[in-house]
1. Tell me, which residue of the stretch 100-143 that is surrounded by 15 or more Cβ atoms within 10 Å (Cβ to Cβ) and among the charged types (D, E, K, R) is nearest to Arg83 (Cα to Cα)?
2. Among the residues of the stretch 11-32, is there at least one that is of a type in the set (D, E, K, R) and closer than 22 Å to Arg120 by Cβ?
3. Scan His82, His102, His53 and give me the residue that is more than 23 Å from Phe13 (Cβ to Cβ) and at pLDDT 95 or above.
4. For the stretch 118-127, does any single residue satisfy the condition of being hydroxyl-bearing (Ser, Thr, Tyr) and either touching a residue at least 40 places away in the same chain (Cβ under 8 Å) or at positive phi (or both)?
5. So which of Ala106, Ala139, Ala48, Ala58 ends up being over 18 Å from Val6 (Cα atoms) and in contact (Cβ under 8 Å) with a residue 40 or more places away in the chain?
6. Go through the stretch 88-99 and count every residue that is buried (at least 20 other Cβ atoms within 10 Å of the Cβ) and within 17 Å of His53 (Cα to Cα).
7. Just to be sure I understand the filter: pairs with C-beta atoms under 9 Å, separated by 6 or more residues or on different chains, first member in the stretch 13-37 and modelled with pLDDT under 95, second member surrounded by 15 or more Cβ atoms within 10 Å (Cβ to Cβ) and assigned to a helix (DSSP H, G or I). Which pairs pass?
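The values are calculated or read from the model by the stated rules, or taken from the named source; none is laboratory data. No experiment lies behind these values; they were computed from the predicted model shown. Cβ sites come from the backbone with ideal geometry, for glycine too, and all protein chains shown count toward neighbours.
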Amino acid sequence: MVAPVVRVQAEPFDAAEESRLITAGRADIGAVVTFTGLCRSEGGSLAALELEHYPGMAEDELVRVSTEAIARWPLQAVTVIHRYGKIAPGEPIVLVVTASAHRRAAFESADFLMDYLKTRAPFWKKEHFASGAEGGWVAAKTEDDRAAERW
């Protein structure tokens, strides 16, 4: 069985390098899907997004859901990286990379993982505004919950 690569880190990641690591020396992979979630500026009003998590619990949950994806789709590799700390607009927050012999499994599993990350992963986001004001915690969005219901 494929073992997922999961990291929760403060440092930025290199999506191209993570994809290269998955495919290096492999001839059994026919499709790689990557998703990189970036911090938005919200029209210039946001200075940073601060992400918090429970160390240990967050990693365990990401491994659990990545293992579920591996059980549901014929995957050769899965990488999930999620950052924490203050993240400025334009910086990457999350990376999902899935690899399979065929594109459908790679696309669907990446979509499944992102729906999980948006709705159930143990991360909390707080807004920091360009005006210097500290915003509140970002609430879950109904449309994200509806998207996750597909799985």
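1. Lys125
2. In the first step, residues of the stretch 11-32 are kept if they are of a type in the set (D, E, K, R); the result is 11, 14, 17-18, 20, 26, 28.
From what's left, closer than 22 Å to Arg120 by Cβ: none.
No, every residue in the stretch 11-32 fails to be of a type in the set (D, E, K, R) and closer than 22 Å to Arg120 by Cβ.
3. Details: His82 fails: more than 23 Å from Phe13 (Cβ to Cβ); His53 fails: more than 23 Å from Phe13 (Cβ to Cβ).
Exactly one of His82, His102, His53 is more than 23 Å from Phe13 (Cβ to Cβ) and at pLDDT 95 or above, namely His102.
4. Restricting attention to the stretch 118-127, the residues satisfying the condition of being hydroxyl-bearing (Ser, Thr, Tyr) are 119.
Still in the running and either touching a residue at least 40 places away in the same chain (Cβ under 8 Å) or at positive phi (or both): none.
No, the conditions are met nowhere in the stretch 118-127.
5. Values: Ala106 fails: over 18 Å from Val6 (Cα atoms); Ala139 fails: in contact (Cβ under 8 Å) with a residue 40 or more places away in the chain; Ala58 fails: over 18 Å from Val6 (Cα atoms).
Of Ala106, Ala139, Ala48, Ala58, the one residue that is over 18 Å from Val6 (Cα atoms) and in contact (Cβ under 8 Å) with a residue 40 or more places away in the chain is Ala48.
6. Of the stretch 88-99, the ones buried (at least 20 other Cβ atoms within 10 Å of the Cβ) are 93-99.
From what's left, within 17 Å of His53 (Cα to Cα): 93-95.
Adding up the residues that qualify gives 3.
7. Cβ pairs passing all conditions: none.
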